[in-house]
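Take a look at the structure below.
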Amino acid sequence: MSIFIALLVLSILVFFHELGHYSAAKAVGVHVQVFSIGFGKKIFSFKWLNTEWKFAMIPLGGYVKMKGQEDLDPAARDNSQDSYNTKTPIQRIFILLAGPAANFVLAFFLYLAIGIGSPQVLSSVIGDVKADSPAYIAGLKADDRIVKIDDQLITTWKGMAEVIKNAKGSLNVMVERGNHLEALVLTPQLTETENIYKEKVQRKMIGIMAKGDSHKLELSFFDSIGYASEQTINASKLIFTGLQKLLSGAVPAKELGGVVSIVKVSADASEAGWMSLFFFAALISVNLGVLNLLPIPALDGGHIMFNLYELITKRIPSEATIIRLTIMGWVLLLGLMFLGLYNDINRLMG
């Protein structure tokens, strides 16, 4: 059941991406011939709004087939009035951007649902204090709950860590210990640690570990909007930075995951509850949006690159150039897909 839910979630994310393309194409008068969820052999289809809507055997993607757009023959052109080819570069870029934009919008609403549902966050309760650390010297103890640093109220471990990381000097810390409050002063120490990409970094720390307690973060509707916006932006930055680290070699290629990893983690998230599933689905939706904007021929970003060239130079790229770059794009994409699948198999085999 969890794997079925994971595949369903992936199909929904793809559906919204393609729905973005479909809606934008219809808005500028392009005829959409096929709207497919999945690849391979057709399971069933129906005709609606002059478009064939179909579901295919392999639910790991999808596509919108517009009149005049041939990914397998990128140099082919159709000069009909309702063809993709006859639209201006600005209109075509609008169609291409609409798919990734739909993923960002969907992620925002998923995060909004999480915010309204009161997400679980890690509490600022100390589980352990490292010997001879700034926290130890200041007198912090296990089970203390940090409630205030300087003039800033602390409600989450993440918020507390941000304040400590950005500290300019000594900090006035208020902790809840038992049934009373204690006021302490400590100075964060620059310490070598690892970031989420396993890189060695220097960061201001005080030498404490979280106990692992969590609580619900009660948010108003407007606070939930702010939460959703922040999470969508942070997820986008996370994906962009991860790609940058992967390309620079800071993150090894063996860390790249494929569709098996996506399905597995989605399945695990579905077992942990709807909020975990929504959170991971939002992250994957942002991932789809970001990756499709990469300037790789065969992706939306590659098509945008061709249209920007036409917009700036007032001429269409040569047929040979389009074909050559598109083939290179497909080779790169298939290479990444097989690398991700290879890493997935290695992880499954332990």
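Which of the trypsin sites (Lys or Arg not before Pro) found in the range 169-200 are in a DSSP loop and have at most 11 neighbouring Cβ atoms, other than their own, within 10 Å? It would help to have the intermediate numbers written out before the result.
Working: sites: Arg177, Lys198, Lys200; in loops: Lys198.
Here the trypsin sites (Lys or Arg not before Pro) that fit, given the DSSP loop and packing criteria, are Lys198.
Note the angle between two axes, namely the Cα long axis of helix 2-27 and the longest principal axis of the Cα atoms of the chain, as a number of degrees from 0 to 90, rounded to the nearest 10.
Approximately 60 degrees, to the nearest 10.
Calculate the tail of P(r) for the chain: the fraction of all Cα-Cα distances greater than 24 Å, expressed in %. Display every interim value, and only then the final one.
Details: 40137 of 61075 pairs.
Tail of the P(r) past 24 Å holds 66 percent of the pairs.
How would you rank 289-301, 164-176, highest first, on the average number of other Cβ atoms within 10 Å across their residues?
289-301, 164-176
Would you compute, from DSSP H runs of 4+ residues alone, the mean residue ellipticity of the chain at 222 nm, taking -39500 (n - 2.57) per run and dividing by the full residue count, rounded to the nearest 500? Each step should come with its number before you reach the end.
Details: 9 runs with 173 residues, N = 350.
Per the formula, -17000 deg cm²/dmol.
Eigenvalues of the Cα gyration tensor times 5, then square-rooted: what semi-axes does that give for the range 164-217, in whole angstrom, largest first? Before the final figure, lay out each step's value.
On the way: eigenvalues 120, 62, 15 Å².
For the range 164-217, the ellipsoid semi-axes come out as 25, 18, 9 Å.
Given H placed 1.01 Å from N in the peptide plane, which residues other than close sequence neighbours of Met66 have an amide H under 5 Å from its amide H?
Gln33
Which residue fluctuates the most in the chain, going by a Gaussian network model with Cα springs under 10 Å, if the choices are Asn307, Asn79, Asn103?
Asn79
So what's the angle, to the nearest 10 degrees on a 0 to 90 scale, between helix 300-313 and the longest Cα principal axis of the chain?
Tilt of helix 300-313: around 70 degrees.
Could you work out Rg/(2.2 N^0.38 Å) for the range 105-169, with Rg from alpha carbons only?
Working: Rg = 15.4 Å, N = 65, 2.2 N^0.38 = 10.7 Å.
Rounded to two decimals, the normalised Rg is 1.44.
Any lysines with Cα under 17 Å of the Lys67 Cα? List them, leaving off those in the same chain fewer than 8 positions away.
Lys26, Lys47, Lys54, Lys87
Long-range amide H contacts for Lys204: which residues qualify at under 5 Å (H placed 1.01 Å from N, peptide plane, sequence gap of 5 or more or a different chain)?
When sequence neighbours closer than 5 places are left aside, the close amide H contacts are Thr191.
Could you tell me the extents of the range 216-328's C-alpha atoms along the three principal axes, largest first, rounded to whole Å?
Largest first, the range 216-328 extends 57, 37, 25 Å along its Cα principal axes.
Helix 221-248 versus the longest principal axis of the chain: what is the Cα-based angle in degrees, 0 to 90, to the nearest 10?
The angle comes out near 70 degrees.
Can you pull a Stokes-Einstein diffusion coefficient for the range 120-216 at 10 °C (1.306 mPa s), Rh from Kirkwood over Cα pairs, as a whole number of µm²/s? Present the calculation step by step, with values, prior to reporting the outcome.
Working: Rh = 13.6 Å.
D, rounded to a whole number, is 117 µm²/s.
Could you check which residue among Ser229, Ser118, Ser220 shows the biggest mean-square fluctuation in a GNM of the chain with a 10 Å Cα cutoff?
Looking only at Ser229, Ser118, Ser220, the biggest GNM fluctuation is shown by Ser220.
List nothing, just return the count: lysine pairs in the range 197-350, 8 or more apart or interchain, with Cα separation under 18 Å.
Working: Lys198/Lys237; Lys198/Lys245; Lys198/Lys254; Lys200/Lys245; Lys237/Lys245; Lys245/Lys254; Lys254/Lys264.
Summing the qualifying lysine pairs gives 7.
Picking from Ala267, Ala131, Ala281, which is most flexible by a Gaussian network model of the chain using Cα springs under 10 Å?
Residue with maximal mean-square fluctuation among Ala267, Ala131, Ala281: Ala131.
Since every read-out is calculated from the coordinates, none of them should be taken as a lab result. Only a predicted model underlies this, so the values are computations on that prediction, with no experimental measurement involved. Note: ideal-geometry Cβ built from the backbone for every residue, glycine included; neighbour counts use all protein chains shown.
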